[in-house]
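The values are calculated or read from the model by the stated rules, or taken from the named source; none is laboratory data. Quick caveat, the model's predicted, so the values are computed rather than measured. Every residue, glycine among them, receives a Cβ derived from its backbone with ideal geometry; neighbour counts consider all protein chains shown.
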Amino acid sequence: MDEIKASATAVSNRIIQASAQAKRDVNDITLVAVSKTWPVEILINAYQAGLRHFGENRTDELETKRQALESEFGVDNGITWHFIGTLQSRKAKTVADFADVFHAVDRLKIVDRLQNRLSENGRILNVFIEVNVSGEMSKSGINCTDLLNSATQQEELRKVVQMIQQSPNLTLQGLMTMAPWGAPEEEIRNVFSKTKQCAKWVADEMSLKRPLQLSMGMTDDFELAILEGATHIRVGRAIFGERNKT
Ligand SMILES: *Cc1c(COP(=O)(O)O)cnc(C)c1O
């Protein structure tokens, strides 16, 4: 408990510093505590330490942990559950049933599966579209490596945005990205700033009233992400420690 509280406080202080450096309001940044792989007891400690946003990347863990924390702290426990991983379409139902925010919309089929289930359960799901701006082949996400110049890429992204907008139970929050693993700082910053440009393109193109939010930055790079405009940072190891490799 004390350990998680101490590391969560350390992360919060780093967020405060980075926001000050970026001349941004710290309240515009949501810390998603990435609790994937950690057991329920650890999440209970994290909750008691004050954390209210949890990020999971496996549907079975999302379901069990949400239910466990609801039985521990009640249904009005104030927790927002984020599903941050790539989603197989046959598992979309669980995300529609148990997540509040989904960060990785990467194709039309997922939008369709989510909306179908949400129209049955009557829930609303906030979503981010995952974009790949680095061109790294291992990365999922809509190809936005050259969005501003490529009509093909614009068309693909536009289709996903429009389908979300036409889905009554889905709310478009913004774009999500992952920086290349272990890349130099400049390259990482470039990925974040390119993602911000893509978000601006979507907002202009769709005449959105509000700017899109940006889910970017993890343990190793969240300060850079904040400098480049992140509104949601997804932090695991800096809060919970190293995960067991399974
Ligand atoms: C695991 C994971 C994170 C958190 O990574 P850390 O390095 O532990 O902070 C963030 N985003 C996604 C999509 C992840 O899968």
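Selection over the stretch 123-147 of residues that are part of a loop (DSSP other than H, G, I, E, B), touching a residue at least 12 places away in the same chain (Cβ under 8 Å) and not acidic (Asp, Glu) gives a count of 10.
Identify the residue in the stretch 68-85 that is within 15 Å of the ligand (Cβ to nearest atom) and modelled with pLDDT of 95 or more and, among all such residues, is surrounded by the fewest Cβ atoms within 10 Å (Cβ to Cβ). Break it down into steps so the answer makes sense when it comes.
Pass one, the stretch 68-85, residues within 15 Å of the ligand (Cβ to nearest atom): 81-85.
From the residues that got through so far, the ones that are modelled with pLDDT of 95 or more too are 81-84.
Values: Trp81: 21, His82: 26, Phe83: 27, Ile84: 27.
Per the stated criteria, the residue is Trp81.
If the condition is being within 24 Å of Thr80 (Cα to Cα), at pLDDT below 95 and more than 13 Å from the ligand (Cβ to nearest atom), then the stretch 188-246 contributes Arg210, Pro211. Tell me, yes or no, whether the stretch 2-25 has at least one residue that is farther than 23 Å from Gln173 by Cα and not in a helix (DSSP H, G or I). There is no residue in the stretch 2-25 that is farther than 23 Å from Gln173 by Cα and not in a helix (DSSP H, G or I). For Ser119, the conditions (1) assigned to a helix (DSSP H, G or I); (2) surrounded by 14 or more Cβ atoms within 10 Å (Cβ to Cβ) all hold with the exception of (2).
Counting just the residues of the stretch 56-72 that are assigned to a helix (DSSP H, G or I) and basic (Lys, Arg), which one comes out nearest to Pro39 (Cα to Cα)? Steps first, please.
Our first condition is that a residue be assigned to a helix (DSSP H, G or I); within the stretch 56-72, this holds for 59-72.
Still in the list and also basic (Lys, Arg): 65-66.
Numbers: Lys65: 8, Arg66: 12 Å.
This residue is Lys65.
For (1) in a helix (DSSP H, G or I); (2) not hydrophobic (A, V, I, L, M, F, W, C), each residue gets a yes or a no:
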| site | (1), (2) |
| --- | --- |
| Asn149 | no, yes |
| Gln153 | yes, yes |
| Leu157 | yes, no |
| Gln162 | yes, yes |
| Thr171 | no, yes |
| Gly174 | no, yes |
| Glu186 | yes, yes |
| Ser193 | yes, yes |
| Gln197 | yes, yes |
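Residues Ala183, Ala96, Ala179, Ala104: which one is more than 16 Å from the ligand (Cβ to nearest atom) and of a type outside the set (Lys, Arg)? None of the other options fit; the residue is Ala96.
Does Thr37 count as within 30 Å of Arg189 (Cα to Cα), hydroxyl-bearing (Ser, Thr, Tyr) and outside any helix (DSSP H, G or I)? First the steps, then the outcome.
On the way: within 30 Å of Arg189 (Cα to Cα): yes; hydroxyl-bearing (Ser, Thr, Tyr): yes; outside any helix (DSSP H, G or I): yes.
Judged against the criteria, Thr37 is a match.
When you check Gln173 against the structure, is it surrounded by fewer than 16 Cβ atoms within 10 Å (Cβ to Cβ) and either more than 21 Å from Asp112 (Cα to Cα) or modelled with pLDDT of 95 or more (or both), yes or no?
On the way: surrounded by fewer than 16 Cβ atoms within 10 Å (Cβ to Cβ): no; either more than 21 Å from Asp112 (Cα to Cα) or modelled with pLDDT of 95 or more (or both): yes.
For Gln173, the condition - surrounded by fewer than 16 Cβ atoms within 10 Å (Cβ to Cβ) and either more than 21 Å from Asp112 (Cα to Cα) or modelled with pLDDT of 95 or more (or both) - is not met.
Within the option set Thr64, Thr59, Thr37, being within 16 Å of the ligand (Cβ to nearest atom), surrounded by fewer than 18 Cβ atoms within 10 Å (Cβ to Cβ) and modelled with pLDDT of 95 or more holds for one residue only, Thr37.
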